[in-house]
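What follows is a set of notes on a single structure, which appears directly below.
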There are 2 protein chains.
Amino acid sequence: MTEMSSGSSFAYMSADNIKGLMLALSSSIFIGTSFIIKKKGLKRAAMNNVRAGLGGYSYLWEPLWWAGMITMIVGEAANFAAYAFAPAILVTPLGALSVIVSAVLAHVILKEKLHSLGVLGCLLCIVGSTSIVLHAPAERQIQSIDDIWILATQPAFLLYSFFVVVVVLVLIYHFATIYGNTHVMVYISICSLMGSLSVMSVKALGIALKLTLQGINQLVYPQTWFFALVVVTCIVTQMNYLNKALDTFNTAVVSPIYYVMFTTLTIIASVIMFKDWSRQHPSQIITELCGFITILSGTFLLHYTKEMGQNYKPPGSYSGLNTSFPNSQLVAKQPDSDSFTKEAVPMCKFELFCAS
Amino acid sequence: MTEMSSGSSFAYMSADNIKGLMLALSSSIFIGTSFIIKKKGLKRAAMNNVRAGLGGYSYLWEPLWWAGMITMIVGEAANFAAYAFAPAILVTPLGALSVIVSAVLAHVILKEKLHSLGVLGCLLCIVGSTSIVLHAPAERQIQSIDDIWILATQPAFLLYSFFVVVVVLVLIYHFATIYGNTHVMVYISICSLMGSLSVMSVKALGIALKLTLQGINQLVYPQTWFFALVVVTCIVTQMNYLNKALDTFNTAVVSPIYYVMFTTLTIIASVIMFKDWSRQHPSQIITELCGFITILSGTFLLHYTKEMGQNYKPPGSYSGLNTSFPNSQLVAKQPDSDSFTKEAVPMCKFELFCAS
């Protein structure tokens, strides 16, 4: 019998992956905390003035709101840096941890109730993240932006990018006008598809900046500027349609669907472009997927119970609906006098700039 | 970069582990199905006669009930055989899959409603089981019952057995009489502690029988008969106190707590006796534990939603209770005219002989 015949899984936790993991974790802590600070700022501003939900802008005079905004920007920067060190397959799903940080802090600081199923949701996010972290592939060693350019111009990834662009254009110019305000999937699909490309470009740009800071200047390459252009284009499109989605539908509906689609498409894009899975054993790939499904279940539970706490109806009343979200799946958002307490925590890091 | 530097995880799936896995899976299918067949038999018997819940025994004349009983015995035999091939750490948690088989068949055949959170619970059980199966240690190669005897008489395992026996005796002769009918943990602790020893002895006996069938007669060793004696003693004690627990408390409360305690203690016993974890890398142990927590969450959700479906109260009404089961945590069982439709599916394989 071979004693300790394996022992390879931790070898996978390369120094770079550990750096990326730490950055991703601190990003989640910053972003999760920022939401609570902003919410406290909004509440304090609302005590004396017109609430944000009713169109007031008094929160702009509240230092706490700005502190939250800065915390969030620090978190986004850490997230950006994380992509320069570890594969997207490791960094992206860990975004769910910011929701846990928010949920726990909301319970402790804002005294919001946390349903026992919500606690279970948090536990599942942690367990799933642990599985992914332990079995994520090591980051490819990249020497220059040229290496990334070669990866990005392989037929498979070009085909994926072409597919994304075509589908997004069809969605924007055909479906968005007809179904945009009635079908939540239209706007979210646009955001998620663009999101998968923006993460790939953010990663390319992050690596270029890392190499430049290490003394290997990458700013002389036109490819670096091309990736910068893609990042800007993708993020502007994403933010535009995410704002539309959040304006039209409840955050509690938009957030988890967006998280699932965005993370899934990003993993697919990363697997195609960086061939993450070609360097892995099938059992590790399956374990990663199990971890991912566990995280998805956890976030689903967290949001499901958030719905239950707010306007819960007993099970019988929505027995006809087999979809995941009981009350408001495709229901357009109603004007809401207390929007900042009802809004769910934003779940994707790029989403945060949109939700006040 | 080392390509495929790992690739060891599947090496862990030894031929014996695969046999054990197949036996454990078929055991779960048989046991899960048996419950539905018995329930159909009970329903059919109740159409013409006094219901089992009201003390009738007409189900004994119903062939379907007996078919279910036989299916269950086949399942138990497969479970017993599984322990002869694969470590308890692999076989025991897979018992949760019988609950999924029951839940799905109850939905399809008995047309019982399955809450969307129940579906999520099933998914989590599958995902958690997959993680455990992929990362379970290989079974030790055992040549004779003497090898097992050596493992069972190490100081660490003797200490564990001594601890179990002392705690069980204290529980039986001191706490059971005072708190037995008010605290659900008393009877369940007795069952679970004894259960962990009975699984270890069942495993010893299973291996002895396997070796005997292979031509290496183990029946001449007194150790084989000692293990047989332990199995009988433990299972009789277990069944006795499990019946008491089921008589006193709702199955929906007893089953999941028993599953969690029984499985956890069995894994601890197996880790101490067979030193399963000494042959494993920390990342694999952590992944196993993640898988186990995922299964526990899944079974919790399945039972939680079963409660919700039956006598659900909106979240506010039990906000004072922070324990896992909202309504009936420590509430003694009420006489129930419809017990066989309300009873939850038994979750531990040794439990099945008790719940009609």
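The values are calculated or read from the model by the stated rules, or taken from the named source; none is laboratory data. Not measured: the values here are computed from a predicted model. Reconstructed Cβ throughout: ideal geometry from the backbone, glycine too, with neighbour counts over all protein chains shown. Ligands, DNA and RNA are stripped out before the accessible areas are found, and what is left, the full protein with its side chains, is counted by its heavy atoms. Shrake-Rupley method; radii C 1.70, N 1.55, O 1.52, S 1.80 Å.
Quick look at the numbers
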quantity: Out of A:Ser255, A:Ser270, sole residue that is modelled with pLDDT of 85 or more and polar (S, T, N, Q); calculated: A:Ser270
quantity: Residue within segment B:116-131 that is in contact with an Asp or Glu (Cβ under 8 Å, 6 or more places away or on another chain), at the interface with chain A (Cβ under 10 Å from one of its Cβ atoms) and closer than 25 Å to B:Lys203 by Cβ present; calculated: yes
quantity: Within segment A:266-289, considering residues that are among the polar types (S, T, N, Q) and in a helix (DSSP H, G or I), the one surrounded by the most Cβ atoms within 10 Å (Cβ to Cβ); calculated: A:Thr287
quantity: Only one of A:Ser297, A:Ser278 that is without any contact (Cβ under 8 Å) to a residue 24 or more places away in the chain, of a type in the set (Ser, Thr, Tyr) and within 14 Å of chain B (Cβ to nearest Cβ); calculated: A:Ser278
quantity: Search result, residues across segment B:118-151 that are of a type in the set (A, V, I, L, M, F, W, C), closer than 27 Å to B:Asn217 by Cα, in contact (Cβ under 8 Å) with a residue 12 or more places away in the chain and surrounded by fewer than 23 Cβ atoms within 10 Å (Cβ to Cβ); calculated: B:Ala138, B:Ile142, B:Trp149, B:Leu151
quantity: Residue in segment A:4-16 that is away from chain B (no Cβ under 14 Å) and either part of a helix (DSSP H, G or I) or modelled with pLDDT of 80 or more (or both) present; calculated: no
quantity: Yes/no for B:Leu105 being open to solvent by less than 10 Å² (accessible area, probe 1.4 Å), assigned to a helix (DSSP H, G or I) and more than 21 Å from B:Trp277 (Cβ to Cβ); calculated: no
quantity: Any hit, segment B:54-69, residues being within 14 Å of chain A (Cβ to nearest Cβ), at pLDDT 80 or above, part of a helix (DSSP H, G or I) and open to solvent by 30 Å² or more (accessible area, probe 1.4 Å); calculated: no
quantity: Test: A:Ala156 is surrounded by fewer than 13 Cβ atoms within 10 Å (Cβ to Cβ), away from every other protein chain (no Cβ under 14 Å) and in a helix (DSSP H, G or I); calculated: yes
quantity: Some residue of segment B:169-182 being at pLDDT 90 or above, open to solvent by 30 Å² or more (accessible area, probe 1.4 Å) and either out of contact with any helix residue (DSSP H, G or I) (no Cβ under 8 Å at 6 or more places or on another chain) or not in a helix (DSSP H, G or I) (or both); calculated: yes
quantity: Criterion (under 12 Å from B:Leu25 (Cα atoms), touching a Leu at 6+ places or on another chain (Cβ under 6 Å) and assigned to a helix (DSSP H, G or I)) met by exactly one of B:Ser98, B:Ser129; calculated: B:Ser129
quantity: Residue satisfying condition, being away from chain A (no Cβ under 13 Å) and closer than 30 Å to B:Gly32 by Cα, within set B:Ile145, B:Ile109; calculated: B:Ile109
quantity: Residue match in segment B:21-34 (condition: more than 30 Å from A:Pro282 (Cβ to Cβ) and at pLDDT 70 or above); calculated: yes
quantity: Segment B:208-240, residues that are open to solvent by 70 Å² or more (accessible area, probe 1.4 Å) and not in a helix (DSSP H, G or I); calculated: B:Gln214, B:Ile216, B:Asn217, B:Leu219, B:Val220, B:Tyr221
quantity: Some residue of segment A:245-254 being within 13 Å of chain B (Cβ to nearest Cβ), part of a helix (DSSP H, G or I) and either open to solvent by 60 Å² or more (accessible area, probe 1.4 Å) or at negative phi (or both); calculated: no
quantity: Lone qualifier among A:Lys40, A:Lys113 - being open to solvent by 60 Å² or more (accessible area, probe 1.4 Å) and in contact with a Pro (Cβ under 9 Å, 6 or more places away or on another chain); calculated: A:Lys113
